[in-house]
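Written out below as structure tokens is the structure these notes cover.
The values are calculated or read from the model by the stated rules, or taken from the named source; none is laboratory data. This is a predicted model, so every value here is computed, not measured. For neighbour counting, all protein chains shown are included, and Cβ atoms are generated from backbone atoms with ideal geometry for every residue, glycine included.
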Amino acid sequence: MNKKRILFIGDSITESGLHEDKAKLGTGYVRIIHDYLQAIYPNSFEVFNKGISGNRVIDLEERWDKDVLKCNPEILSISIGVNDVWRQLDNPGLKQIYPEEFASIYNELLMQAREETNATLVLMEPTLIEEELNSAGNEKLKIYVEIVRRLADKHRAILIPTHQDFIDYVMTNSGYPLTIDGVHMNSVGNMLMANSWIKSVIPTLK
């Protein structure tokens, strides 16, 4: 039986221990999704993790042909945007990727994927920058989240409401964090991301 190829691409949130893992899946949300699929749909899916720490949308652009188009996945899951905002805060001297350029590059990548592969597109909303909803990072992030939502609609992609799910969780005031530093996930944050993905994608596979 041919396995469906699922490719996850993104930044350190996707990478998450990839290089220390013999299976090259990492220890984050990608691993959780892989394990769920293997347990529930054994031998039906092949999962690839193409996350690279620090990536912004311009970095995806540079490696899109090699890491996405040539892999020809059946399902392409993209998580990008946090660093495009975070670099504006922690490295203002860097050439910044503001919303218009972010939208333009992301749109072009999706057009290429649609033209050159038959992949189902899955767009994950950027999560959070600090677990304080009114932080400077989260205020700047809002437009990037909206861009991802608009692109998902334009390209008929599955939208994963990770940003909204994180907001909903933070508003419960549970006292239990989702991240280790405001951006990178702890095990609960990874579980929340994986759950958002599974709830949105799995019904489309049946």
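Tabulated results
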{"read-out": "Scope region 8-35; condition within 19 Å of PRO73 (Cα to Cα), of a type in the set (Lys, Arg) and over 15 Å from the mean Cα position of the chain (by Cα); matching residues", "value": "LYS24"}
{"read-out": "Whichever residue in region 72-100 is surrounded by 15 or more Cβ atoms within 10 Å (Cβ to Cβ) and assigned to a helix (DSSP H, G or I) and, among such residues, is nearest to the chain's Cα centre (by Cα)", "value": "VAL82"}
{"read-out": "Residue ID - surrounded by the most Cβ atoms within 10 Å (Cβ to Cβ), chosen from residues in region 152-173 that are part of a loop (DSSP other than H, G, I, E, B) and not basic (Lys, Arg)", "value": "ALA157"}
{"read-out": "One residue from ARG114, ARG149 being under 17 Å from the mean Cα position of the chain (by Cα) and among the basic types (Lys, Arg)", "value": "ARG149"}
{"read-out": "Residues that are in a helix (DSSP H, G or I) and either farther than 16 Å from THR27 by Cβ or modelled with pLDDT under 95 (or both), drawn from region 174-196", "value": "ASN195, SER196"}
{"read-out": "Selection within region 23-40 - more than 19 Å from ASP67 (Cα to Cα) and not in a helix (DSSP H, G or I)", "value": "THR27, GLY28"}
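Here is a yes/no grid of residues against (1) modelled with pLDDT under 95; (2) surrounded by fewer than 16 Cβ atoms within 10 Å (Cβ to Cβ); (3) in a loop (DSSP other than H, G, I, E, B):
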| site | (1), (2), (3) |
| --- | --- |
| GLU130 | no, no, yes |
| LYS140 | no, no, no |
| VAL145 | no, no, no |
| ARG150 | no, yes, no |
